[in-house]
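First up is the structure itself, then whatever we jot down about it.
The values are calculated or read from the model by the stated rules, or taken from the named source; none is laboratory data. On a predicted model such as this, the values are computed, not experimentally measured, just so you know. Cβ: placed from backbone, ideal geometry, glycine included. Neighbour counts: every protein chain shown.
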Amino acid sequence: MIRVGIVAVTGYTGAELMRLLSRHPGAQVVSITGRSEAGKPLRQVFPHLRDVDQPVTAELSDDVEVAFLGLPHHEAAAMTPPLLEKGIKVIDLSADFRLRDAAVYEEFYGHHPCPYLLAEAVYGLPEVYREPIKAARLVANPGCYPTASILALWPALRHHIIKPEVIVDAKSGVSGAGRSLKLESHFSEVNESVRAYGLDGHRHLPEINQELNVAWGRGFVRLTFVPHLIPMTRGILATAYADLTVEWPANQVYALYADFYANEPFVRVVESPPQTKQVYGSNYCYLYPTVDQRAGRLIVVAVIDNLVKGASGQAVQNLNLMAGLPETMGLEALGIYP
Ligand SMILES: NC(=O)c1ccc[n+]([C@@H]2O[C@H](COP(=O)([O-])OP(=O)(O)OC[C@H]3O[C@@H](n4cnc5c(N)ncnc54)[C@H](OP(=O)(O)O)[C@@H]3O)[C@@H](O)[C@H]2O)c1
């Protein structure tokens, strides 16, 4: 049993980690922290975690082997060096270690407390970085929009069947913004409404761009990324568009994607446009690649649950890799439908 701790179990990603890990046969949660609920048993904070008597504490105990950080950015980076010095491996769910270039981090997030760790951190997208994740002591768990967007475009860019000019139009449920109170996520602001935001450079844009550049391998990919907030709790649907460089019918593009992800346990290339509801509560990403023949354009629709494959489920997938456990352990549950 690997001993793990959850920092900020009081947040959405922390609570989702506890839900997944409480049924994980290879991991034992030995420490859970949260400033706002310290001293209370977790079941009192989250009644859906009925059988978790464990108390929330203010500090993480030193006997954990791997710590998950469900903190806001900056707070996560400030906490990481002392954990690594104690020999505790870190899976950070914030954006603090996702960008390799400290100047880009500074542009989008401000000053980085420990930029020297950026070179060491491994971007925790198992479909791309499986081997380095196994050996990592610091994993930067990808963002939710980036997970869907990168998985949607990686095969097409890697095989150079599209031009390096892409558009990603994405929609997210409100839990993507976290549990803390914000005017923009009040029921009456969100319900029966849809809005675009972050058009002047959403924080996930440089992260998506960084990985699309790696996939392309021949320089900079021009990316336009437009996220939208929609009135649902969980889920992301990202639609990616790019001009094809080859005259391929949809079935050939489909075959390329199906072949590319054939051995991936959590990516399913599907035969009709997927809905977020099909992956709700699961660690799956469903991808639907097709071709707009009239325009000569690739279209890929991707869906994930932002709190599972987009955050806590992917973090458990990374734990499994780091601990030498089967990659799918504790993550086999299918989505909840309807
Ligand atoms: N929500 C998603 O879908 C999602 C997806 C991917 C990545 N992420 C990232 O994961 C991280 C956590 O997201 P979340 O949605 O779980 O957020 P959240 O629901 O707002 O929870 C964050 C937790 O961090 C703690 N916290 C807040 N400010 C703090 C501070 N200054 N110092 C120490 N602790 C503080 C709070 O717990 P206490 O006050 O009890 O300590 C809070 O419960 C964020 O960096 C987010 O960007 C979120």
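Couple of notes before you dig in:
- Residue pairs meeting the criteria (Cβ under 6 Å; at least 6 apart or on separate chains; first under 16 Å from Val226 (Cβ atoms), in segment 177-202; second part of a loop (DSSP other than H, G, I, E, B) and modelled with pLDDT of 95 or more): Val194/Ile230
- With a requirement of 3 or more residues that are within 23 Å of Thr13 (Cβ to Cβ) and either of a type outside the set (Asp, Glu) or in contact with a Cys (Cβ under 9 Å, 6 or more places away or on another chain) (or both), the strands (runs of 3 or more DSSP E) lying completely within segment 194-283 that satisfy it span 222-229, 236-244.
- Selection from segment 106-130 of residues that are within 17 Å of His74 (Cβ to Cβ) and in contact (Cβ under 8 Å) with a residue 40 or more places away in the chain: Glu107, Phe108, Tyr109, Leu117
- All conditions but one from (1) surrounded by fewer than 20 Cβ atoms within 10 Å (Cβ to Cβ); (2) more than 27 Å from Asn320 (Cα to Cα) apply to Leu229; the one that does not is (1).
- Summed over segment 128-143, the residues that are touching a strand residue (DSSP E or B) at 6+ places or on another chain (Cβ under 6 Å) and either at pLDDT below 95 or not in a loop (DSSP other than H, G, I, E, B) (or both) give a count of 6.
- Scanning segment 1-58 for residues that are surrounded by fewer than 18 Cβ atoms within 10 Å (Cβ to Cβ), within 24 Å of Met329 (Cα to Cα) and among the small types (Gly, Ala, Ser) gives Ser22, Gly26.
- Count of segment 108-127 residues which are surrounded by fewer than 18 Cβ atoms within 10 Å (Cβ to Cβ) and within 17 Å of Pro82 (Cα to Cα): 5
- Residue match in segment 65-78 (condition: touching a residue at least 24 places away in the same chain (Cβ under 8 Å) and acidic (Asp, Glu)): yes
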